[in-house]
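Asker: Please find one structure pasted underneath; my questions will follow.
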Amino acid sequence: MSLTSYFDLSTSARWSGHAVGIVRVERELARRAALSADMGFCVYDRAERCFKQIDPKAVAPILAGEITVSFDLPAEELPAPPESWRFRAREAVLRHPRLYQAVQRVRGRRFSLSEIAEVRRYEAEARSAPKPKSTIVPLAEVVIGKVALDADTRIISGGLDWEYKDLRTIYELKKVHGFSYAAIVYDLIPQMMPQFVVPSYVNLLKDYFGELFWVADACMCISESTRRDMMRYCEQFGIPAPRSDAFPLGCDVVSAKPGSGEAEPPAELPPELEGKRYALFVSTIEPRKNHRTLYQAWTRAMDEGRLDPARDRLVFVGRSGWAVGDLIQEMDANPVAQETIVRLSNISDAELDLLYKHAALGLFPSFYEGYGLPLAEMLGHGKACLSSRSGSLEEVGGDLVEYIDPLDTLGWSDAIVRMFNDKTARTALERRVAKTHKPVTWDAAADLFFARLKDL
Amino acid sequence: MPRVLSLSTYPVVRPIHGGQRRIHAFSQRLAAGGWEFVNASVYDPDHYSGAAVGPDDLPLRYVGTAWRGLPLVGDLQAGEFAATSPEAYAHFARLVERLAPDFIQLEQPFLWPLVKRLRAEGVAPETPVIYSSQNWEAPLKYKMLVKAGAPEAKAREVAEAITALERELSCASAAIVAVSESDAEHYRAAAPDVPVFVVPNGVSRPVTPTAEDERACDIYEGRKYLLFVGSAYPPNIEGFLHLLLKNGLFFFPPEKSVAICGGVSHGIFGNGVYQAQIHANSRRCQFFADVSDGELEALKRGSHAVILPIQFGGGSNLKTAEALASGRWVVATSIAMRGFERFANAPGVLVADTPDAFRDAIVKVLASPPLKLTAAQAKARESVYWDRCFDAAGYIEFFDRQVVGA
């Protein structure tokens, strides 16, 4: 008896913003899965503790981001709440940091100016986030009943499951119905290095991973490194390891998105990078990604006169995450950084593609990665790259990348200077990348994913 | 009939916690040897009242003391109160006159100021004193005070006062009863001329659970589960939190896998570490806060292993004896094995002192079939029953010799 598989879209169904990270993986795989006649789609309904089958007609709009499924709101759109006088007063005061500081002090709260600057920056970013372009529809309108779970059913899940699933209930459902559950494992950082996880998420993620390997029958890991981490964890915790395999992520940034409805405006390089030579690091700014090492390496090279402040730039692409307030403040205050480090966020796929194309050098100093998609993307664009070896990065970079310890600030400084100033060395590395690197497209990644999963 | 007056800082009318059970065992054993054994205490009225208290027990009323405001020093204050409060001193003086004991046995050193005054004032001038120690108290109290947030200098002051008390009492005693060989070494060094007996903590022979008692195990549906039994004594709570909960209980499947019995239940459940993962933890843990002896025995018989995650504290380690006597797998820290070191390498016993090592040991045990002991191994484990402990130590013979000698 062959398996009836359901690809779980619990995350995509709720997602109204730009698809990045895990949402992107779920959608890219699901688009390819939709081409297969024997693949169904489902969502998990936490309220009713069951999987529900998605109406085939609703799958494409969900994957294109045209509809967002409401699991708990009434069908009609709620009017925007009026802005209260209190909200408006706060907004006005927040525009004047010292006034805001004084007001908060009267309320018994102490904020430094740098903390206020971080609040302002965070709120500005939140406001500038792209507005949802999709229509909200209630769950009942996109599902056609419960998934009939039995021993021949397999649920394939790879979304933000710690947010939208309840693994303990799924464990109970499995005991009753005997279906199988396959999960995508991105990394085990919350178990191995909780210091690199947003504090408010540590418990949630530990809980998720703690239960996942009791629930999953099969796991598809996004790298062999992640697979090894998983096997080690299961061995340490005495958990029978699920059947597992690894697959690479696609790195074609501007992928064909049939029917996506997301019209990308023509991309242009940001004006501050016109005519500049720049090194590029694409990642959310957060402790694990280790922007500080690059900032220090870069400013040291500038201070020593080994880079050209008129021409050379370090570009950070990604939003500001958690616990980087001091670093951002330092970069904002440091005259060298002000002039030569460019921070960009909320950019489109086309703009990112352009940034990759024009970069002189790719950088990836992260302390740990489950895959390291930006490194794959940089190599996919034929770039010379400097990277740490942490986690899966060596697996992605092979012998096409120069590796530096993430804590070796002087090493990063020297290597960046060398790559910028020794065109022969850089070009040789670029040629080697162009000649031997085989970028993985999302089509190829999905083929591997489904073929290997079938064997598990 | 020769007579022993035992003095303690808690009543033993209803022996529940380890210290009470130890005194109760002394009482039973001496009674079996033809001795009369009477225990009197200065007790904390916040912890004991009503039927848990006997006519010779006296509630602690705080007196002017250098330790005022500090937690966990009620026992030290009990000694000061008994020796300096006219009402309290008169109570114990009358008791000694009424009983005319052949021995006064001090359970822990704290009431030594009272006995010293009784001796000095001629109430019991010649009565030999037996110092029954449950642990070398000073360093333990220091650690507990610091952990409870007491100023370090104050904690040291308290520890030094207890050390002075223990030294003086050791030298003044006719004999010392220690709970472990390592404690015995300490006392031999402090009082080289005083005989020291090692009476490890033991357990009573178990009751037979009824069919009703056995229903406590139903929740485990025949699966392997681990048993943890403990009082609300802080080291029991801290140990479970640190060695098991801190890194999560995910080495158990999301099914009831642990039975937590006794007063330790409230301390674990209410702790932030437990609450932070309450859904995962409660899926795996079942609390039996008020468990009867029969239910506890049923849970023990149904369990796959007994765990003793104790990282500090003296205590009586009676739970260790009970774990060994159960014939189940035992996963314990070396602190929990204090007094039972001879079992550290015994079949079915795994000693682990760090969270990772403790988890590894549990994983290993869970992957193993139920423990089967040979007849010799089972007999060795039975040496933890109280009757065997006293017989091996020669404690009763010492009393008998003293009386005959007198």
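The values are calculated or read from the model by the stated rules, or taken from the named source; none is laboratory data. Keep in mind that this is a model prediction, so the values were computed, not measured. No Cβ is skipped: glycine too gets one built from the backbone with ideal geometry, and neighbour counts run over all protein chains shown. Surface areas here come from the heavy atoms of the whole protein model, side chains and all, with no ligands, DNA or RNA. Shrake-Rupley method; radii C 1.70, N 1.55, O 1.52, S 1.80 Å.
Asker: When segment B:354-371 is examined, which residues are found to be under 14 Å from B:Val330 (Cβ atoms), away from every other protein chain (no Cβ under 14 Å) and not hydrophobic (A, V, I, L, M, F, W, C)? Please lay out each step first, then the result.
Answerer: Keep residues of segment B:354-371 that are under 14 Å from B:Val330 (Cβ atoms), which gives B:358, B:361-362, B:364-366, B:368, B:370-371.
Checking the rest, the ones that are also away from every other protein chain (no Cβ under 14 Å) come to B:370-371.
Within segment B:354-371, just B:Pro370 meets the criteria.
Asker: I'd like to know if segment B:315-325 contains one or more residues that are assigned to a loop (DSSP other than H, G, I, E, B), farther than 26 Å from B:Asp218 by Cα and modelled with pLDDT of 95 or more. Break it down stepwise before answering.
Answerer: Let us first name the residues in segment B:315-325 that are assigned to a loop (DSSP other than H, G, I, E, B), namely B:315-317.
Then keep just the ones that are farther than 26 Å from B:Asp218 by Cα; that gives B:315-317.
Adding the requirement that they be modelled with pLDDT of 95 or more leaves none.
No: segment B:315-325 contains no residue that is assigned to a loop (DSSP other than H, G, I, E, B), farther than 26 Å from B:Asp218 by Cα and modelled with pLDDT of 95 or more.
Asker: While we're on this one: Among the residues of segment B:1-51 satisfying the criterion of being under 23 Å from B:Val264 (Cβ atoms) and basic (Lys, Arg), which is surrounded by the fewest Cβ atoms within 10 Å (Cβ to Cβ)?
Answerer: My answer is B:Arg14.
Asker: Here is a follow-up. When you scan segment B:341-388, how many residues do you find that are part of a helix (DSSP H, G or I) and of a type in the set (Gly, Ala, Ser)?
Answerer: Result for segment B:341-388: 6.
Asker: From A:Tyr295, A:Tyr278, grab the single residue that is open to solvent by less than 60 Å² (accessible area, probe 1.4 Å), among the hydroxyl-bearing types (Ser, Thr, Tyr), in a strand (DSSP E or B) and modelled with pLDDT of 95 or more.
Answerer: Values: A:Tyr295 fails: in a strand (DSSP E or B).
Within the list A:Tyr295, A:Tyr278, the selection yields A:Tyr278.
Asker: Does segment A:137-149 contain any residue that is in contact (Cβ under 8 Å) with a residue 12 or more places away in the chain, within 14 Å of another protein chain (Cβ to nearest Cβ) and in contact with a helix residue (DSSP H, G or I) (Cβ under 7 Å, 6 or more places away or on another chain)?
Answerer: No, because not a single residue in segment A:137-149 is in contact (Cβ under 8 Å) with a residue 12 or more places away in the chain, within 14 Å of another protein chain (Cβ to nearest Cβ) and in contact with a helix residue (DSSP H, G or I) (Cβ under 7 Å, 6 or more places away or on another chain).
Asker: Turning to a different aspect of this structure: Which of the residues spanning segment B:176-197 are open to solvent by less than 70 Å² (accessible area, probe 1.4 Å), among the hydrophobic types (A, V, I, L, M, F, W, C) and over 16 Å from B:Ala392 (Cβ atoms)? Walk me through how you get there before you give the answer.
Answerer: Of the residues in segment B:176-197, the ones open to solvent by less than 70 Å² (accessible area, probe 1.4 Å) are B:176-180, B:182-184, B:186-187, B:190-191, B:194-197.
Of the ones still in play, those that are also among the hydrophobic types (A, V, I, L, M, F, W, C) are B:176-179, B:184, B:190-191, B:194, B:196-197.
If the condition is that a residue be open to solvent by less than 70 Å² (accessible area, probe 1.4 Å), among the hydrophobic types (A, V, I, L, M, F, W, C) and over 16 Å from B:Ala392 (Cβ atoms), then B:Ile176, B:Ala190, B:Ala191, B:Val194 are the ones that fit.
Asker: Are any residues in segment A:278-303 more than 19 Å from A:Pro406 (Cα to Cα) and free of Cβ contacts under 8 Å to residues at least 60 places away in the same chain, and if so, which ones? Walk me through it before giving the result.
Answerer: Within segment A:278-303, the subset more than 19 Å from A:Pro406 (Cα to Cα) is A:278, A:302-303.
Selection gives A:Met302, A:Asp303.
Asker: Kindly indicate whether any position in segment B:225-248 is out of contact with any His (no Cβ under 7 Å at 6 or more places or on another chain), assigned to a helix (DSSP H, G or I), open to solvent by less than 30 Å² (accessible area, probe 1.4 Å) and of a type in the set (Val, Ile, Thr).
Answerer: Quick first cut of segment B:225-248, residues out of contact with any His (no Cβ under 7 Å at 6 or more places or on another chain) only: B:227-230, B:233-248.
Next, only the ones that are assigned to a helix (DSSP H, G or I) stay: B:234-245.
This time we only want the ones that are open to solvent by less than 30 Å² (accessible area, probe 1.4 Å), so: B:235-237, B:239-241, B:243-245.
In the following step, the residues that additionally are of a type in the set (Val, Ile, Thr) were identified as B:237.
Within segment B:225-248 (the criterion being out of contact with any His (no Cβ under 7 Å at 6 or more places or on another chain), assigned to a helix (DSSP H, G or I), open to solvent by less than 30 Å² (accessible area, probe 1.4 Å) and of a type in the set (Val, Ile, Thr)), the answer is yes, since at least one residue qualifies.
Asker: Limited to segment A:216-236, what total is found for residues that are buried (at least 23 other Cβ atoms within 10 Å of the Cβ) and either within 20 Å of A:Phe179 (Cβ to Cβ) or within 14 Å of chain B (Cβ to nearest Cβ) (or both)? Write out each step before concluding.
Answerer: Residues of segment A:216-236 buried (at least 23 other Cβ atoms within 10 Å of the Cβ): A:216, A:219-223, A:225-226, A:230.
Remaining after also requiring either within 20 Å of A:Phe179 (Cβ to Cβ) or within 14 Å of chain B (Cβ to nearest Cβ) (or both): A:216, A:219-220, A:230.
Of the residues in segment A:216-236, 4 are buried (at least 23 other Cβ atoms within 10 Å of the Cβ) and either within 20 Å of A:Phe179 (Cβ to Cβ) or within 14 Å of chain B (Cβ to nearest Cβ) (or both).
Asker: Further question on the same structure: Among the residues that make up segment A:394-403, is at least one of them within 16 Å of A:Asn290 (Cα to Cα) and open to solvent by less than 10 Å² (accessible area, probe 1.4 Å)? Talk me through it step by step, then tell me what you get.
Answerer: If we filter segment A:394-403 for residues that are within 16 Å of A:Asn290 (Cα to Cα), which is where we start, we get A:403.
Filter once more, so that each one left must be open to solvent by less than 10 Å² (accessible area, probe 1.4 Å): none.
Taking every residue of segment A:394-403 in turn, none turns out to be within 16 Å of A:Asn290 (Cα to Cα) and open to solvent by less than 10 Å² (accessible area, probe 1.4 Å).
So that you can scan it fast, the table gives a plain yes or no per residue for (1) under 26 Å from A:Ser390 (Cβ atoms); (2) of a type in the set (D, E, K, R):
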site: A:Leu269; (1), (2): no, no
site: A:Gly275; (1), (2): no, no
site: A:Phe281; (1), (2): yes, no
site: A:Leu307; (1), (2): yes, no
site: A:Val317; (1), (2): yes, no
site: A:Ala323; (1), (2): yes, no
site: A:Asp326; (1), (2): yes, yes
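Asker: What are the residues in segment B:1-33 that are in a helix (DSSP H, G or I), free of Cβ contacts under 8 Å to residues at least 12 places away in the same chain and under 17 Å from B:Ala232 (Cα atoms), if any? Even if it seems obvious, please write down each step before you answer.
Answerer: Step one: list which residues in segment B:1-33 are in a helix (DSSP H, G or I), which gives B:18-32.
Filter once more, keeping what is free of Cβ contacts under 8 Å to residues at least 12 places away in the same chain: B:20, B:31-32.
Of everything in segment B:1-33, just one residue is in a helix (DSSP H, G or I), free of Cβ contacts under 8 Å to residues at least 12 places away in the same chain and under 17 Å from B:Ala232 (Cα atoms), namely B:Gln20.
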